[in-house]
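Below you'll find the structure, written out as structure tokens, and then a few comments.
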Amino acid sequence: MTTPILWALTLTAMAISGWRFWVRFRPLLAARPAGRTDRIADRLSFMVGDIGLHRRLLRFSYSGILHALIFSSFLVLFTAILESFGSGLFPGFSLTAIGGETWIALLQNIFAVVITIGLGMAIYHRFVIRPERFEGSKTRDATIIYVLATPIVITMILEASARLAIDGQGSAWRPVSTLFMYPMMALGITGHAAEQAEGVFYWAHILAILAFLVYIPGSKHRHMFTAGPNIFFRPLTPKGQLPAPAPTPGEDTPTTVQAYRDFTWKDLLDTMSCTECGRCQSVCPAHAQGKPLSPKKLIMNLRDGYLTDQGLMDSPDHAMPIVGGTIQPETLWSCTTCRACMEVCPVHIEHVPKIVNLRRSLVEEGEVEPLLQSALTNFQSQGNSYGKPAKQRARWTKGLSYKIKDARKEPVDILWFVGDFASFDPRAQKLSFLVAELLGRAGVDVGILYDGERNSGNDVRRAGDEGLFEMLAMHNIEQLEVCEFNRIMTTDPHSLNALKSEYPALGAAFDVVHYSELFLELIKADRLRINPGQAGRVTYHDPCYLGRYNGIFDAPRDVIRALGHELIEMPRNRDNSFCCGAGGGRIFMEDSPGGERTSESRIREAMELGDIDTFVVACPKDVVMYSAAVQALGVEDRIAVRDLAELITETVETEERVAQ
Amino acid sequence: MHIAAILRLNPVLTEELEVDEDGRDIDREWIGLELNPFDDQALEQAVLLKEATGAKVTALAAEAEGGERLLKTALARGVDEVLLIEVGEENVQLSSRARAPLFQEALEGLAPDLVLTGVLSTDDIYGELAPQLGALLDWPQVSAVSNVALGDGVATLQQEYSGGISARIEVQLPAVVGLQAATQPPRYVAGSKLRDLLKVEVPTVEPGADFGADLADATELEVPDTSGGAEMLTGDAEAVAARIHEILVERGLV
Amino acid sequence: MRCLIFVEHSDGTVSESALELGAMAKSIGAEAVGLICAADPGAVNALAGQLGSFDAVIGVADDSLATYNPDAAARALTAATEAHKPDLVMTSYSAAGVDLAPNVAIRTGRQMVGYVSGLELDGDTLNAMSTVYSGKLVARTGMDLPGIVAVMPGAVKADGLSGGAPAVEMMDVDLSGLRMRVTETLVPENTGVNLADAEKIFCVGRALGGTEKIELAENVAAALGAELAGSRPVIDAGWMPKVRQVGKSGTKVKPRLYLMAGVSGAPEHLEGMANSELIIAINSDEQAPIFGTAHYGAVCDMFELMPALTERLTAGK
């Protein structure tokens, strides 16, 4: 008698839930391809660390632990769900044979406590601690889940308590249920009454689970189902290689993303996988300085827009514009593309490519911010953001103690791709000069492209001008391909990223090193002899495009230590480094933060370490950004911003010193 | 309706200018060229009129170098046709007075209804282009225009005077307009549009007309002596602010 | 030697630039003959009465000349030039001057020099100094007369009115078949902004970068008790309304204090403010031409200076 009812209920709930999933996910079938089915073995193995070991989640220890408690409990308690539905739907089904009444029961009891602790921690976290990263998340959704999850656990325990109460016989395998058996019996629930109570709790348990099932597809808690696939389908291309615009099916012209159907299915899956945990928001430099961007809200807004549009998404006449609709242009222009959000996201959502894709649609429409427009126009006409003639690119080499080779005319060992900033900015030019002198002193066979170099296009691409990026990149590749050299060196992490990670997608693979790596080699090989002078207490800032994007964390640190300095790490270091605010084309745009500039907050972070005299950077843009920040904070007398090249120059033995 | 937009390249003025050895021209060794900002406005206005009325737009240039690239940019911005008048690679410094007969000849061939170009070019010492073309073609001409609307055989223009005063002028077509500002600022043209047009051949024409005579051989350039100018206040922003405050107090201005 | 000067006027008043041109003609020892185009002989006479320093006036009267009409004015100036054969035709480098000088140069086959800031007579050769490349260079052109010059407004001081009203000689010019008509004169609405009469002006230039920073500039203006103004790029970009524009195409000003930040000093801007009593210029480019005109200058970042100055001014009160 109960079996058909349970069948009816279960099938109904599953049908509703399935339908609720289907309307949300059906549009993925019509979306653009993403090509994420290569390297299956790698994909599977990555899931072990990210799901099984909670690698990213545990970076935020409190919430990582509570998630681990709840997650592991769900796995264990799934056995209880299996038992309840199994026995109800298929009379005679039981886990008893494999320990359903013994060790499995014990585990269920233990994890009922574990999940209670986990839920308690979650509730405490959300309603008492209330970290800023939850700002904008949907509290009601979270609350409903607590309200639905708790009765599942309680009814599970009490169902067993009631069963034990029938005979009034506790069980060592079910300590928690036994504990609740006594008060139950004290209330007279025993024997037949307990049998009835067992039934009531059973059905309550079943209903709570089915309610949960029906609720899930519309809740952020669908990440229970989507997180796994989303992590599995993560991009495996180099981090610094931005995906090109997705091709229009059946055509070879790329299309910009204007409506939801222009996204790839993975972009849409991303939005459906967001748990609103706000880790991205908490590390976002744009959000930190009060700009109208939170990566979390961006994804939530995309999701909400997509869901209002959903059923109609594959209809050609219904293409809700994204920019100006759910997403404002200012939000998109606020991003520095620093990748901190993507690095911290537990479900591997790809925020930056979406932002760039939407920027591309703005650029295509000619809607760019005035200063960016002038920079991009300069790139188009002169190949650099300054609008300076290419002829002036190598002007900084005037006055060097040797004539730096023209790599287009003679073979060189190291081809130095200097970059715009290092070529044209007066402050950065001085550092380029120091680097050139150091290379000369170490006897490095080095050459540059002179007026053949153009901006690498790294930031142009991230500003959303794909065509301009291709023009700049193809120009540089043509120049480089006729040169004879062994490796390319650059001081600029943005150029490094383009040459190392972007150009291979255009069919040009070069061996690219950062000057920190090259100088480390030269020091180790004793080609630059270090005479450690006064050791300083220094800290080091990881440039986004050097560290997070290209994994070069140690070389600059090893150089600093080799020079005899004591390196004190800031709290936000290595892949959790905090962006200076210049990336992604931001350096070309109007900079008026609503709050404190990220560069200033970073300098304060360094100063809070106490007794730090030098803030070491390894990126020409950082020199300018942080020097300005130190000035703005008025702390020039307490901390100095110095480039690695300056540190090396002052400790390296000159020929005169060697001679003595 | 056919609109001709005349575009010229100017030295990038964010750079310090130097004068060449004989004092006849700027030292072009280190100087980049860019579209004259007023011609940029004229180009935008031409494209805006095209969008509003469906007019055809032809962009013209007469440059020793960089003309092709300039006209490809114009195509990317939406003009329909371009024409490069060959002036010879050696003629890097040509005034509007020198080039005006060449443009006149080309315009007589194209027979547009409206000619748009920038009101001025900062090096046009022997006369701006638009009024010269007006005289050469004997077409009505208005300079310092900030707004252009096309009607039936007429254009309605707004000519700007000092003090924010302006006049609305109705002019019969064909006419020549020296544009000061387009109805809206020039929009950005994505690199993809430019990239697609880089392979396009720019049609060129050998001029039949001679250069107009100007006084280029009688002109000497020099860098102005600004040393007699401002008394410079030194120091950082705080120090400068303090000094300015002092000066204002001394003079009873605050 | 004789100079024919195109006299601009509006609302029954001759422009300052006409008087400046008269003074300039005198400075090279030439006779100054004004060409006044107006609606009727009465208006010509009334305007001529304001040209006390001129030697003579040629009047052209026609309904089409009630306000400046480029086509009609070009015909009148061409006819007067051909009839009177002056050694030098002078216009101001205003909107009208830009229209007329090159046009008449072509029509009369004369050479012309624009952007003129000074004239010197050397025998039969007239040396004209021009500010070119936005004031970055000075050009000296030796012109054989007869010729035409277009002079930057404000290049010389207009001398006071001396002598009686010059004799007026009316001239007939065929103005039939004009190809344009002025349908309306647009005067900017009274917005409460009055730069022309302001005692103190704080002007910002293109370096402002966008509307986001306007507040910083407004704070300085408020602390200083000054009107806020902008250079042409600021107005063209829509960051400020047109009534706040100083310069050739904006308002000409003569305040006691003209403080400026991020304005490089193009001749068109200088034209509008060079006569200010005290000019202080802030620019990040030490080569900015404005430092040639300003009384005090400082090379620094305007975004650092503006808050610092606001603080000083506020604290000093």
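Remarks
- For residue B:141, the residues 5 or more places off, or on other chains, whose built amide H falls under 5 Å of its own are B:176.
- No disulfide-compatible partner, judged by a Cβ distance under 4.7 Å, exists for the following cysteines of the protein assembly as shown: A:274, A:277, A:284, A:335, A:345, A:483, A:580, A:619, C:3, C:37, C:203, C:300.
- Chain A: calculated mean residue ellipticity at 222 nm from DSSP helix runs of at least 4, using -39500 (n - 2.57): -16000 deg cm²/dmol
- The per residue volume of the convex hull around the alpha-carbon atoms of the protein assembly as shown is 221 Å³.
- Helical runs assigned H by DSSP (4 residues or longer) give chain C a calculated mean residue ellipticity at 222 nm of -8000 deg cm²/dmol, each run adding -39500 (n - 2.57) before division by the residue total.
- Per residue of B:150-163, other chain Cβ atoms within 10 Å of the residue Cβ number 5 on average.
- Simple Cβ-charge dipole of the protein assembly as shown, Lys/Arg +1 and Asp/Glu -1, about Cα centre, in debye nearest 20: 6180
- Taking the number of Cβ atoms within 10 Å of each Cβ as an exposure proxy, the fewest-first ranking of A:276, B:246, C:311 is B:246, C:311, A:276.
- Computed from the alpha carbon atoms alone, the convex hull of region C:84-157 holds 97 Å³ per residue.
- Residue A:169-residue A:7 FRET efficiency (beta carbon distance; Förster radius 30 Å; 0.05 resolution): 0.40
- Distance from the Cα centroid of region B:27-76 to that of region A:506-581 is 46 Å (rounded to whole angstrom).
- Karplus (6.51, -1.76, 1.60) ³J(HN,Hα), θ = phi - 60°, over region A:48-63, in Hz, Gly and Pro reported as x: 4, x, 7, 9, x, 9, 6, 4, 6, 4, 6, 5, 9, 4, 4, 6
- Fewest-first ranking of A:549, A:182, using other Cβ atoms within 10 Å as the exposure measure: A:182, A:549
- Alpha-carbon Rg/Rh ratio, for region A:447-501, with Rh computed the Kirkwood way: 0.95
- Mean sequence separation of contacting Cα pairs (under 8 Å, at least six apart), scaled by the length of chain C, corresponds to a relative contact order of 14 percent.
- Column: log10 I(q)/I(0), Debye, Cα scatterers of region A:441-534, q = 0.14, 0.16, 0.19, 0.20 Å⁻¹: -0.57, -0.70, -0.90, -0.97
- Mean silhouette area of region A:469-590, derived from the convex hull of its C-alpha atoms and averaged over all directions, reads 9.4 nm².
- Gyration tensor (alpha-carbon) shape descriptor, region A:102-167, a/c threshold 1.5: prolate
- Taking every alpha-carbon pair within region C:1-83, the share separated by more than 14 Å comes to 57 percent.
- With a simple spin-label model that places each label point 7 Å from the Cα along the Cα-to-Cβ direction, the separation between residue B:16 and residue B:205 comes to 4.3 nm.
- Shielding of C:107-113 by partner chains, average beta-carbon count, 10 Å: 4
- Region C:200-315 pair-distance distribution - Cα-Cα, 10 Å bins, rounded %: 16, 53, 30, 1
- Translational diffusion coefficient (Stokes-Einstein; Kirkwood radius from C-alpha pairs) of region A:523-657 at 4 °C, 1.567 mPa s, in µm²/s: 84
- Cα-based equivalent ellipsoid, region C:182-240: semi-axes from gyration tensor eigenvalues, Å: 22, 16, 9
- Here the convex hull built on the C-alpha positions of chain C has a volume of 139 cubic angstrom per residue.
- Each residue of region C:35-50 was assigned a 3J(HN,Hα) from its phi angle through the Karplus curve 6.51 cos²θ - 1.76 cosθ + 1.60 (θ = phi - 60°); the sequence is 10, 10, 9, 8, 5, 8, x, x, 5, 4, 4, 4, 6, 4, x, 8 Hz, with glycine and proline shown as x.
- Values of log10 I(q)/I(0) for region B:104-216 across q = 0.14, 0.22 Å⁻¹ run -0.75, -1.23, by the Debye formula with one identical scatterer at each alpha carbon and no solvent.
- Here is the list for region B:151-252: trypsin sites (Lys or Arg not before Pro) lying in DSSP coil, each with at most 14 other C-beta atoms within 10 angstrom of its C-beta, are B:199, B:251.
- Trypsin sites (Lys or Arg not before Pro) within region C:103-195: DSSP coil, no more than 16 neighbouring Cβ in 10 Å: C:157
- Amide proton proximity set for residue C:297, modelled H, under 5 Å, gap of 5+: B:231, B:232, B:233, C:281
- Of the Cα atoms belonging to region A:1-156, the radius of gyration and Dmax stand at 19.2, 52 Å.
- Convex hull of Cα atoms in chain B, direction-averaged projection (nm²): 18.1
- Distance between region A:184-236 and region C:1-28 - C-alpha centres, whole angstrom: 94
- Nearest-0.05 FRET efficiency for residue C:181 and residue B:138, computed from C-beta distance (R0 22 Å): 0.75
- Ratio Rg/Rh, restricted to chain A and using Cα atoms, in which Rh is the Kirkwood radius: 1.07
- Distance histogram for region A:153-291 (every C-alpha pair counted, 10 angstrom bins, percent rounded to whole numbers): 10, 21, 20, 15, 13, 12, 7, 1
- Rg and Dmax of region C:215-268, based on Cα coordinates, read 10.8, 29 Å.
- Over region A:381-521, the fraction of Cα-Cα pairs per 10 Å bin, rounded to whole percents and listed from the shortest bin up, is 12, 47, 35, 6, 0.
- Antiparallel DSSP beta bridges within chain A, percent to nearest 5: 10
- For region A:131-139, 3J(HN,Hα) computed residue by residue from phi via the Karplus equation (6.51, -1.76, 1.60; θ = phi - 60°) reads x, 4, 5, 7, 4, x, 6, 8, 5 Hz, glycine and proline entered as x.
- Proximity of backbone amide H atoms, modeled 1.01 Å from N, is registered between residue C:5 and C:33, C:34, C:35, C:90 at under 5 Å, excluding neighbours fewer than 5 places apart on the same chain.
- Rg/Rh (Cα only; Kirkwood hydrodynamic radius) as it applies to region C:2-170: 0.94
Every number here is computed from the coordinates shown, using simple stated rules; none is lab data. Bear in mind that the values here come from a model prediction, so they are computed numbers and not experimental data. All Cβ positions, even for glycine, are placed from backbone atoms using ideal geometry, and neighbour counts span all protein chains on display.
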